[in-house]
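A short write-up of the structure that comes next.
The values are calculated or read from the model by the stated rules, or taken from the named source; none is laboratory data. This structure is a prediction, so every number in the text was calculated from the model and none was measured. Here Cβ is always computed from backbone atoms with ideal geometry, including for glycine, and neighbour counts include all displayed protein chains.
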Amino acid sequence: MTNSFAHFAKAKMMFVIGSNMTEAHPVASTFVKEAVTGGAQLIVVDPRRTPLCDFARIHAPIRVGSDIAFLNGLMNVLISEDLYDKEYVNSCTTGFDELKEKVMEYPPERAAEISGISADLIREIARTLASVKPAMLMYTLGITEHTCGVNNVLSCANLQMLLGNVGFECGGVNPLRGQNNVQGACDMGALPNVFPGYQRVDNPQAREKFEKAWGVEGLPAKPGLMIPQMMDGLVDGKVKAFYVFGENLANTEPDIRHVEHCLESAEFLVCQDIFPTETTRFAHVILPAAAWSENDGTFSSSERRVNRVRTASAAPGAAMPNWWIFRELARRFGHSWNSDSAQEIWDNELSKLAPSMAGIKYVRLEGDGLQWPVPTEDSCGTTYLHSDGCFTCGLGVLSPVDWTPPAEVPDREYPFVLSTGRRLYHYHTRTQTGRCEGLNDLLGEETADISPDDADRLNIRHGEMVRVRSRRGAVNVRANVTEQVPSGMVWMAFHFREACANWITNPAFDPVTQTAEYKACAVGIDKL
């Protein structure tokens, strides 16, 4: 996030796209509701009528996978009607002429044809966004989990820069992270193209620094493999060993049958986790890890805030902190790592190697923690990035992008679009929440959410069992007939193994991030 959660409640205009915030980020959504109660305007862009729509001035139910066409249509109106922030664009950005040329190809009428939102409503939304400054843009996985996910994100950034909303309190581009501490994992370098602190592996100076710090030579100069490449490498033998750390791939990756084939093919598979999962069934070795409440360490939230985590109870049995397991493995490989605690790892290693976190020391993480970048120990952190439009790279880059349809679209045999996400009462694959009887009482099985019109046409009653099928397979699941879902769409989650949506989702990936297109695939529905 460029901005902070504290800005949500103070915002005067909020544009939420591709985010079922009330279920996926219920705490953050309370700040949005608080702002609306205080007079803020809210625009929600989502194919479903999620609970947040009840607080919105405008709900635009776009077709699944049409985000770029819709956003380009908004920018077309802003430029055509001279509503964009010319001073900001001229002084703080580059690439305007190229962006203008592209979005002029998306007049409201064409954007309406693709997105399903009327040209008049597109104009109204554009004019409304331009009427209040700054405005906050928020998104979640509804933007990123597409084959065009990177371009979706670029479009969101284009819109906010065109409006002059980046670099100010209560503005910015604010992605709500998909999992607990995924921000922290990325901060620590758990990505194939960067070292800790987002220092690129193809930067010779960065490699030299880390080689010296780690006492090694010849660190790779090219990014490593993404998960789909790793999985396929287990089958063709290019990947000899696979280490899965805190991830239940056998439920979270698309096309589970293919995933299980990959895991079965692994020559050597190690799983490090706090509970047995569908993935640990394939492991040759399982390393029991301490849970978050059994550990000292840090988490980093979506707003770049680093917070302390303290041990609440001792880890059971042979379970140990993750850092300890990694250190002991390194010792058996002949490496001696000096740090003997999470605090020492942070103070002696991370803060010395990552400039954006150089000023963060454990003694400074009491209370509410710190938001990076914190370049020095005198710094109080950064509540919003790119202050006054001064971008880290110099000028903000406006990046024109074209709309592309999902990799799989409805046809005669599979006439519905399946989109997936999360439900309020469970978390991901229920590795943790599935062990809580109270939550299972609140939500004990998966449903296929369909519209009343589609239910009537197919003679399906609420609560009846149906089969949802795709080119990958089928699941039997109870129908949930709801006004939240538009005609032609089916919505499911991936919390329950037997009816997990990922048995049927499409293993098509964004070419840059290799993020799967969980939000769109073609399915059919049969009454059982």
Q) Would you say LEU398 is surrounded by 18 or more Cβ atoms within 10 Å (Cβ to Cβ) and either closer than 30 Å to VAL89 by Cα or among the β-branched types (Val, Ile, Thr) (or both)? A) yes
Exactly one of ASN174, ASN165 is crowded, with 24+ Cβ neighbours inside 10 Å, in contact with a strand residue (DSSP E or B) (Cβ under 9 Å, 6 or more places away or on another chain), at pLDDT 95 or above and under 30 Å from LEU418 (Cβ atoms), and that one is ASN174
Exercise for the section: Kindly establish whether GLN484 is in contact with a helix residue (DSSP H, G or I) (Cβ under 9 Å, 6 or more places away or on another chain) and either touching a residue at least 60 places away in the same chain (Cβ under 8 Å) or charged (D, E, K, R) (or both). Expected result: yes
When restricted to ARG430, ARG457, ARG472, the only residue touching a residue at least 12 places away in the same chain (Cβ under 8 Å), on the phi < 0 side of the Ramachandran plot and not assigned by TED's automatic domain parsing to the domain that holds ASP273 is ARG472
task: Answer yes or no as to whether SER379 is surrounded by fewer than 18 Cβ atoms within 10 Å (Cβ to Cβ) and either assigned to a loop (DSSP other than H, G, I, E, B) or touching a Lys or Arg at 6+ places or on another chain (Cβ under 9 Å) (or both).
output: yes
Here the residues within region 453-469 that are under 22 Å from ARG423 (Cα atoms) and of a type outside the set (D, E, K, R) are ALA455, HIS462, GLY463, MET465, VAL466, VAL468
Over region 291-301, the set of residues surrounded by fewer than 19 Cβ atoms within 10 Å (Cβ to Cβ), outside any helix (DSSP H, G or I) and out of contact with any helix residue (DSSP H, G or I) (no Cβ under 6 Å at 6 or more places or on another chain) is ALA291
Verdict on SER399 being hydroxyl-bearing (Ser, Thr, Tyr) and either touching a Gly at 6+ places or on another chain (Cβ under 6 Å) or under 20 Å from PRO47 (Cβ atoms) (or both) | no
The condition from (1) free of Cβ contacts under 8 Å to residues at least 60 places away in the same chain; (2) out of contact with any Gly (no Cβ under 9 Å at 6 or more places or on another chain); (3) part of a helix (DSSP H, G or I) that ASP202 misses is numbered (3)
**Asked** Quick one: is GLY189 part of a loop (DSSP other than H, G, I, E, B), buried (at least 17 other Cβ atoms within 10 Å of the Cβ), not aromatic (Phe, Trp, Tyr) and not assigned by TED's automatic domain parsing to the domain that holds ALA474?
**Response** yes
Residue count, region 150-167, condition of a type in the set (Val, Ile, Thr) and in a helix (DSSP H, G or I), comes to 2
The residue from VAL89, VAL153, VAL182 that alone is touching a residue at least 40 places away in the same chain (Cβ under 8 Å) and of a type outside the set (Gly, Ala, Ser) is VAL89
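Residue by residue, here is whether (1) closer than 28 Å to LEU225 by Cβ; (2) hydrophobic (A, V, I, L, M, F, W, C) holds:
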position	(1), (2)
SER80	no, no
LYS86	no, no
TYR106	no, no
ILE125	no, yes
ALA130	no, yes
GLU145	yes, no
ASN181	yes, no
MET188	yes, yes
